[in-house]
Amino acid sequence: MLQRSLVPDSLPAVPGLETAVHYHTAAPEQLGGDFYDLFPVAGDRWAFFLGDVCGKGPEAASLTSLTRYTLRAAAHHDPEPAAALATLNAVLHERYTAGGDPRYCTCVFGIVEPGGEHGPTIVRLASGGHPSALVLRSDGRAEFLPTPGGLLVGVLPDAPISTVETVLAAGDTIVLYTDGLTEARTGPGRDDLYGEDALRVFGTGLAPAAPGEVITALTGLLDSFGDGLNDDTALLALGVPADSSLIRPATSLPS
Amino acid sequence: MKTLTISHRDTATGPVLHVAGEMDYDQAPELRRQVDRLSLTPGQCLVLDLSGLEFCDSTGITALLAARQHALAAGAGIVLAGVPANLLRVLTLVGLDQVFTLRPDTSPAS
């Protein structure tokens, strides 16, 4: 299935981090939609990204494919998040928008430097028009990492890209998601949406939680939306184990 | 589903398209067709009056961006007028409030 080439079957094990993912497919007959990846780059760092392409069907699938391979190549050339997204923006703009066929994606791209026993784990994110990442802290707080001002990737030749940095302490987990989650309908009207405020409250109820727990809980939340969940939804969580002796390999929860 | 209806009038400063109904994957191509038929001249301003738009998904937003590209290629400008609150929220979320000129009212460009 082509969809299989658009997201990895499972994530690689990252030393010093726990990871978990989930991909919900709204319409199995339609390809495309959301994407994510996680891979090593130079300097004991790991790059990860998650995003959402516009449109549906084969056009969206080809855009997803171009996006994934461009980001992978860009990250090996310069893993700085803003640089990787700037490269993607230039590629998508040249390939589509400049020719009168605008296609674009929202994307959050991150670099994580696992600290292990030697220091803090630092995450740097860049966002192009993507919903803010959520961090569940070990002390029970849940907070967004706002990246205001970032623009849909591929719209303008030189796009503003918003960046943010945070430190993950032992027991902290960062969650990336696509807007299928926050735009899920929770009422009869087209404007009755789940929303970011409800997600933060949900995260506060979970925190502290390891990535596997967070993804399991969010998967249950997605299921609870029923027919209100009408878009593909990707979830990716990275966390520093509260007890480093308990590091588990990546888990992938099929839809 | 409500049908997308687009009405066209010409003003001294350029065409105004009044876009009403629901603009989704099935119906967004109609806006692209109508915009592609417009012959804009340099210095004109295309106004998309969205005050009657009840729903707009990502393919609808793509059609708005295609309209922008069409206007810019002709040396014309583009204004989104009367953007409904929910669409404004989405446009702001993805940064497009920086790309489009937005006007609360729906009078022709001045």
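The values are calculated or read from the model by the stated rules, or taken from the named source; none is laboratory data. Since this is a predicted model, take the numbers as computed values, not measurements. Using ideal geometry, Cβ is built from the backbone for each residue, glycine included, and neighbour counts are taken over all protein chains shown.
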Checked pairs for the stretch B:1-21, first part of a loop (DSSP other than H, G, I, E, B), second modelled with pLDDT of 95 or more and among the polar types (S, T, N, Q), C-beta under 7 Å and 6 or more apart or across chains, list as B:Thr13/B:Gln44
Among residues of the stretch A:128-156 being part of a strand (DSSP E or B) and within 17 Å of B:Ser58 (Cβ to Cβ), the residue nearest to the other protein chains (Cβ to nearest Cβ) is A:Gly128
Filtering the stretch A:167-194 down to residues that are loosely packed, with under 15 Cβ neighbours inside 10 Å and within 13 Å of chain B (Cβ to nearest Cβ) yields A:Gly189, A:Arg190, A:Asp191, A:Asp192
Out of all the residues in the stretch B:93-102, which are over 15 Å from the mean Cα position of the chain (by Cα) and either more than 10 Å from every other protein chain (Cβ to nearest Cβ) or closer than 16 Å to A:Asp191 by Cα (or both)? B:Leu93
Just to be sure I understand, how many residues within the stretch B:64-92 are touching a Gly at 6+ places or on another chain (Cβ under 6 Å) and more than 12 Å from chain A (Cβ to nearest Cβ)? 0
Do you know which of the residues in the stretch A:95-127 that are over 16 Å from A:Cys54 (Cα atoms) and without any contact (Cβ under 8 Å) to a residue 24 or more places away in the chain is nearest to the other protein chains (Cβ to nearest Cβ)? A:Gly99
Can you tell me which residue among B:Val35, B:Val47 is assigned to a helix (DSSP H, G or I) and farther than 28 Å from A:Gly189 by Cα? B:Val35
What number of residues within the stretch A:7-42 satisfy the criterion of being more than 20 Å from A:Ala74 (Cα to Cα), part of a loop (DSSP other than H, G, I, E, B) and either at pLDDT 90 or above or of a type in the set (Gly, Ala, Ser) (or both)? 10
In the stretch A:171-196, how many are more than 24 Å from A:Val53 (Cα to Cα) and modelled with pLDDT of 95 or more? 3
Within the stretch A:157-166, residues within 11 Å of another protein chain (Cβ to nearest Cβ), touching a Ser or Thr at 6+ places or on another chain (Cβ under 8 Å) and not hydroxyl-bearing (Ser, Thr, Tyr) come out as A:Ile161
Pairs returned, first residue in the stretch A:138-152 that is more than 11 Å from A:Val201 (Cα to Cα), second residue that is modelled with pLDDT under 95 and of a type in the set (Phe, Trp, Tyr), beta-carbon separation under 7 angstrom, 6 or more apart or interchain, are A:Leu152/A:Tyr104
All but one of (1) modelled with pLDDT of 95 or more; (2) touching a strand residue (DSSP E or B) at 6+ places or on another chain (Cβ under 8 Å); (3) more than 10 Å from chain B (Cβ to nearest Cβ) hold for A:Thr87; state the number of the condition that does not hold. (2)
Quick one: which residue in B:Leu17, B:Leu40, B:Leu50, B:Leu80 is under 30 Å from A:Cys107 (Cβ atoms) and out of contact with any Pro (no Cβ under 7 Å at 6 or more places or on another chain)? B:Leu80
On the given criteria, is A:Leu92 within 14 Å of chain B (Cβ to nearest Cβ), in a helix (DSSP H, G or I) and not hydroxyl-bearing (Ser, Thr, Tyr)? yes
